[in-house]
Every structure is written in structure tokens, then in C-alpha cells.
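The block underneath contains the structure these notes are about, expressed in C-alpha cells.
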Amino acid sequence: MSMPKLAIDCYENNKSWFHAAKSYEQIILLAKETDQLPEVENYANRACCLYQQHGSPEAAAAALDKAAKMTESKHPELALGFYKRALAVVSIAESTHQAAEFASKVSRILVRLKKYEEASKALKKEISLNLQTKSFGQVGRLVVALILVQLTLQDFSDAKKTFKKWGSRCDPQEVNTLQNLLQAFDDEDAELAAKMLASPFIRHMDVEYALLSKDVPLPQGSGQMPKNGGDNAGN
């Protein structure tokens, strides 16, 4: 990687920030080809800084997005950092649509990593961004996702508050599912809760949330708590 680094030194000495950033992106591709993905972090962050110095926040976010996609399968924690920084970059640039896209990626990785407290906060931010862009069709699904996270945290009170605050943004199918699900938890009806969590509507959400629905602890009720395996719950 010595030749790209020499080019970067030259570009930086001449304050050619954009070309220096492009060169860092070339090094990132080389790191991928040589299976040195952990080294991508430094190069991607440097490319981001240089694009920002050049006044190109879109290019900065795009570089971070590429690095995140490259590392997401083997190093999700690393990808999470890239997506968070990309979200910050486009938020500064007041690009709300792009911010919503990166917020979605942040939320889903947090759920995959089982960082549920942080995921709850991320989903609330994602809902807020989608409301700002009037992407109302997205909001209902996000409300369902947030309630699943809150139930996984066994925070039934917050789940009810979420439905009260944003339930009006859900479509009829989402409202029906959430009403029955929350009623099941209120009544400590494990059988109904399992049935709702196994509903086709929930199981066809983004894969992270569909998988999460199988991990939601069921209400105990008066007997032994049934296991939420999900696959046979609706039968």
C-alpha cells in the first residue's frame, strides 16, 4: 500500500483534500482484497475527515457507508461505528432523508448485537426523522419494532407509552397486532402473546426484528412461562 500512501502525502501537502480522500478509499479496497478489514477503520475515518474538509459531506457519508457494508458481516461492531458517524455527518448537513436511512442501519445492527437499550433510543430517533420527512408509511413498522425491543427489555410500561404516543401512525393491521399483543401482556396471557409474536405480519418485518420477536420473553401468567420459540405458537 506504499504507492497510494505516497500519493496521499502529495495530495495532503498540496491541500487537495478530495483527491487524498479518494486515495484512502483505494487503500480501503486493497484492505478488503487482502482480508485486512480491521485496518479499514482508520482509512475510512481519515477519508471522511478529508471529504468534510473539502466541503463534501455526501462523499464523506458515502465512504463510511461503503466501509460499513464491507465490514458488516464479519465485524458488525465496526460497521455500527461507521453508520453512526455517517448519520452524524448527514445530520450536520441537514440531509434528513439520508439521516433516516443511516438511522435505520444503526437501529438494525444494534438489535442484531442485542444492544437493546441503545436500540430503543435509536428507533425513537429513526421514528422522529421519518416523521420529519413525512415518511408516514415507515413509522408504523418502526413503532412495532420499538415495542418489540421494549418488550424484550421487559419494559411493558414504556411499550404502552410508545403505542399511546405513536399508535395513530400505524395502519389497521399494525394497530390490531399491537393492541392484541399489549393486551396479552397486560392480562399475562402467554398463549395470546406467543400467537401475536408469531403472526405473519411480524415475521415478515426486517429480518432483525423478525428474529427479535422470537426472543421476546412471554408473560408468566399463573403457571410456568412457555418458551417463545415462535414457530408453532400460532398453530
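Using a 1.4 Å probe over the heavy atoms of the protein chains, calculate the carbon and sulfur portion of the accessible area of the chain as a whole percent.
Numbers: 5900 of 12230 Å².
C and S atoms contribute 48 percent here.
In degrees between 0 and 90, to the nearest 10, how far off the longest principal axis of the chain does helix 57-71 point, with axes built from Cα atoms?
That works out to roughly 70 degrees.
Which residue, THR152, LEU131, LEU218, has the largest displacement toward the positive end of the dipole of the chain when charges sit on each Cβ (Lys, Arg +1; Asp, Glu -1)?
LEU131
So if R0 is 30 Å, what FRET efficiency would LEU211 and CYS49 give, r being the distance between their Cβ atoms, rounded to the nearest 0.05? Before the final figure, lay out the partial values.
On the way: r = 36 Å, r/R0 = 1.18.
The value I calculate is 0.25.
Give me Rg over Rh for the range 18-116, both radii from the alpha carbons and Rh done the Kirkwood way, two decimal places.
On the way: Rg = 12.9 Å, Rh = 13.3 Å.
Rounded to two decimals, Rg over Rh is 0.97.
In degrees from 0 to 90, rounded to the nearest 10, what is the angle of the helix 76-92 Cα long axis to the longest principal axis of the chain?
Helix 76-92 sits roughly 80 degrees off the main axis of the chain.
Hey, what number do you get for the chain at 222 nm if only DSSP H runs of n ≥ 4 count, each worth -39500 (n - 2.57), divided across all residues, to the nearest 500? Display every interim value, and only then the final one.
Working: 13 runs with 171 residues, N = 235.
When only DSSP H runs of four or more count, the value is -23000 deg cm²/dmol.
Quick one: accessible area per residue over the chain, 1.4 Å probe, rounded to a whole number of Å²? Walk me through the numbers before you get to the answer.
Details: 12230 Å² over 235 residues.
Accessible area per residue: 52 Å².
First measure r as the distance between the Cβ atoms of GLU58 and ASN180, then evaluate 1/(1 + (r/R0)^6) with R0 = 41 Å and state the FRET efficiency to the nearest 0.05. Don't jump to the answer; show the numbers that get you there.
Numbers: r = 43 Å, r/R0 = 1.06.
Given R0 = 41 Å and the Cβ-Cβ separation, E is 0.40.
Which percent of Cα-Cα pairs in the chain sits in each 5 Å bin, short to long?
Pairs per bin, as whole percents: 1, 7, 13, 15, 15, 12, 10, 8, 7, 5, 4, 2, 1, 0, 0.
In this model, which of LYS134/LYS161; LYS74/LYS195; LYS124/LYS195; LYS69/LYS164; LYS74/LYS160 are farther than 28 Å apart at the alpha-carbon?
On the way: LYS134/LYS161 22 Å; LYS74/LYS195 34 Å; LYS124/LYS195 26 Å; LYS69/LYS164 36 Å; LYS74/LYS160 36 Å.
Too far apart for the 28 Å limit: LYS74/LYS195; LYS69/LYS164; LYS74/LYS160.
Between LEU153 and GLU188, what length in nm is gained on full extension when 0.36 nm per residue of separation is reduced by their alpha carbon distance? It would help to have the intermediate numbers written out before the result.
Values: separation 35, 0.36 × 35 = 12.60 nm, distance 1.61 nm.
Taking 0.36 nm per residue and subtracting the Cα distance, the gain is 11.0 nm.
Quick check: the angle from helix 96-112's long axis to the longest principal axis of the chain, C-alpha only, nearest 10 degrees?
That helix lies at roughly 60 degrees to the long axis.
Between SER128 and LEU29, what is the spin-label point distance in nm, taking each point 7 Å from the Cα along the Cα→C-beta axis?
So the label points at SER128 and LEU29 sit 3.8 nm apart.
Tell me, what ³J(HN,Hα) does each residue in the range 183-191 have, in order and in whole Hz, if you take phi through Karplus 6.51 cos²θ - 1.76 cosθ + 1.60 with θ = phi - 60° and put x for Gly and Pro?
5, 4, 6, 5, 8, 6, 9, 5, 5
The values are calculated or read from the model by the stated rules, or taken from the named source; none is laboratory data. Source: prediction; values computed, not measured. Cβ: placed from backbone, ideal geometry, glycine included. Neighbour counts: every protein chain shown. Note: areas computed on protein heavy atoms with side chains; ligands, DNA, RNA excluded. Shrake-Rupley method; radii C 1.70, N 1.55, O 1.52, S 1.80 Å.
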